[in-house]
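The values are calculated or read from the model by the stated rules, or taken from the named source; none is laboratory data. These numbers were taken from a predicted model, which means no experiment stands behind them. As a convention, Cβ positions derive from the backbone with ideal geometry for all residues, glycine included, and neighbour counts pool all protein chains shown. Quick note on the areas: whole protein, heavy atoms, side chains included, nothing else; ligands and nucleic acids left out. Shrake-Rupley method; radii C 1.70, N 1.55, O 1.52, S 1.80 Å.
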Amino acid sequence: MIEIDLGDRLTEQPVEERPLARAWLANRWVRIAAVLAVLLATVTAAGVGPPPLSVATIPARLGASMVTGTDRIFVIDPVDTSTEPRQQVSAFRLADGALLWQVRMPVPGPLGGHTLIGHTLVLTSDWGSVAPRRTVGVDTATGAISWLRTATYETASASGDILLWVPDTDVGAGGPGWDDSPNGWGVLSAGTLESVAPDTGAVHWSLPLPAGVVRGYAAPAGSADPGPEGPLPEVAVTRGTTGRIEVRDLGSGAVVRSADLPHPPALGSGQWPPQVVGDLLLVPDGPQSLTAYGLDAFDRRWTIDWDVDREPWPQPCGPLLCTFRPQGGVRVLDPATGAVRWSDPRWSNLMPVGAYLLASSEARPMVAAGLNVLDPATGRVLGDLGSWQVIGRSPGAGAAPGSGKPADPVRLIGVRIRSDDGRTWVADLDPASGSTRPLAVVPDVSGDCRVTDGLLVCRQLSGAIGIWHLPS
């Protein structure tokens, strides 16, 4: 482990522009352009693209939300206070769009947070909702209301439970004593953290927390990514007003590690909590510096210059750490030393994909933006995939567990929506080879696309939900 004296301050070096290293990059876009030109010519001449591969169309109101599972889709209607203040949830089968059940929520008001956990759909009040905030569990097989709590959903855990926050006094957004901490660590008011079975609502363990204690959750370093939201956390980390740090196992609620760190200073925009990133605990030392401790032994690793009020927390970018500046650009840090490996003013979003980083200048990853393939170690551009909105991983990527075959390089599904008529190109994106393979063209798409089990699901211009098969 490399140790850096706490008085040192690390400086960064910009990425050096280098010529592209691989010969295939020189003519790759000529080939891709030819393929897309043929596709576009076909679309223009016939008025449609390849066969739409339609499976079903599901009716949905404008403003409705949807949650997709492996075999069904859930549509959550918006609140209509003039007719019915309780939201309706409908379940449809993905295979053919058949309606399976419909149910009204047991409480009025919007339940804007939707999470599918096993066989339970969890709906919760928006974090900024007025009191009382509620969380509801719905059985996905029958639509029955499994449980109802006056609490706020925080996260699912690797143990299979969910974490609910039950405030002693629910003042709601903007109420007396409301204090919303950054980075999802929750409010600083007193309350109880509960680990709850998602199917029954039974409380497995609870932890009362006094006012001023901040909390967060962490997955172990090197965890596999099971989905778009990343690996599920295995521990909760709390810090009290005296600097006491406790790491708790989310399966049992027991304290597995603890330490007394320096008393947290008063910072410029509220009390920033420590942040767990991989095997590091990041703690602000003041308004202009950040210190990293090892999460196992709380040993001090490094300190860097940091404007805690203007620069977001570092986040994992494959084996490195990334931080994105509000004015644009990224710094990529070595987690062992805190040194800046490289920086680039062009990128506002980086996504680890296999052995590469996928970079774009668009801060929102769901927007169709120019996608560039980067070498994580140097930031060097290896390829340009064009402008695509990444909506998921290709169903053909990876090998079946126990097959003995090596996993295929990670490939992605991207869409590009025409704003004038909703015609949407769908393609298989392969960062490893820099290739883009057109899959289909579907009509009348407005956005909100995702891919599940070989099916493409998108909102249509009419507000309805379209489902299409993707060719293999």
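Per-residue counts of other Cβ atoms within 10 Å, averaged by peptide: what ranking do you get for 337-350, 231-244, 93-106, highest first? Don't skip to the answer; put the middle values down first.
Numbers: 337-350: 19.6, 231-244: 18.1, 93-106: 15.0.
Result, highest mean first: 337-350, 231-244, 93-106.
Between residue 461 and residue 432, what's the calculated FRET efficiency when r is the beta-carbon distance and R0 is 35 Å? Round to 0.05.
Values: r = 35 Å, r/R0 = 1.00.
For R0 = 35 Å, the calculated efficiency reads 0.50.
How much of the accessible area of segment 70-114, probe 1.4 Å, is carbon plus sulfur, in whole percent?
Values: 980 of 2040 Å².
Result for segment 70-114: 48 percent of the exposed heavy-atom area is carbon or sulfur.
What's the ranking of 435-442, 63-70 by average number of surrounding C-beta atoms within 10 Å, highest first?
Working: 435-442: 20.0, 63-70: 16.5.
The densest-packed peptide leads the list: 435-442, 63-70.
Percentage of Cα-Cα pair distances in segment 415-472 greater than 14 Å, rounded to whole percent? Each step should come with its number before you reach the end.
Numbers: 871 of 1653 pairs.
Looking at segment 415-472, the distances longer than 14 Å represent 53 percent of pairs.
What are the ³J(HN,Hα) couplings of segment 278-290, residue after residue, when phi is run through the Karplus curve with 6.51, -1.76, 1.60 and θ = phi - 60°? Round to Hz, x for glycine and proline.
My calculation for segment 278-290 gives x, 9, 10, 10, 9, 10, x, 8, x, x, 10, 8, 9 Hz in order.
Taking θ as phi - 60°, what are the ³J(HN,Hα) couplings along segment 462-468 by the Karplus curve (6.51, -1.76, 1.60), each to the nearest whole Hz, with x for Gly and Pro?
Running phi through 6.51 cos²θ - 1.76 cosθ + 1.60 with θ = phi - 60° gives 6, x, 5, 10, x, 10, 9 Hz.
List the residues, sorted by chain then number, that are 5 or more residues from residue 394 or on another chain and whose placed amide H is less than 5 Å from its amide H.
Residues meeting the amide H criterion: 411, 412, 413.
What is the extension gain from residue 325 to residue 104, computed as 0.36 nm multiplied by their sequence separation minus the C-alpha to C-alpha distance, in nm to one decimal?
Working: separation 221, 0.36 × 221 = 79.56 nm, distance 4.29 nm.
Net length gain for the segment: 75.3 nm.
Which value, in Å², gives the accessible area per residue of segment 58-107 when a 1.4 Å probe is used on the protein heavy atoms? The partial results should precede the final answer.
Values: 2290 Å² over 50 residues.
In whole numbers, segment 58-107 has 46 Å² accessible per residue.
Report the full-extension gain for the segment residue 80 to residue 298: residue separation times 0.36 nm, less the Cα-Cα distance, to one decimal in nm. Walk me through the numbers on the way to the answer.
Values: separation 218, 0.36 × 218 = 78.48 nm, distance 5.12 nm.
Between residue 80 and residue 298, full extension yields an extra 73.4 nm.
Report the full-extension gain for the segment residue 252 to residue 95: residue separation times 0.36 nm, less the Cα-Cα distance, to one decimal in nm. Intermediate values should be presented prior to the final figure.
Working: separation 157, 0.36 × 157 = 56.52 nm, distance 3.88 nm.
Result: 52.6 nm gained on full extension.
Which FRET efficiency, nearest 0.05, do residue 150 and residue 259 yield, Cβ-Cβ r, R0 41 Å?
On the way: r = 34 Å, r/R0 = 0.83.
Plugging the Cβ-Cβ distance into 1/(1 + (r/R0)^6) gives 0.75.
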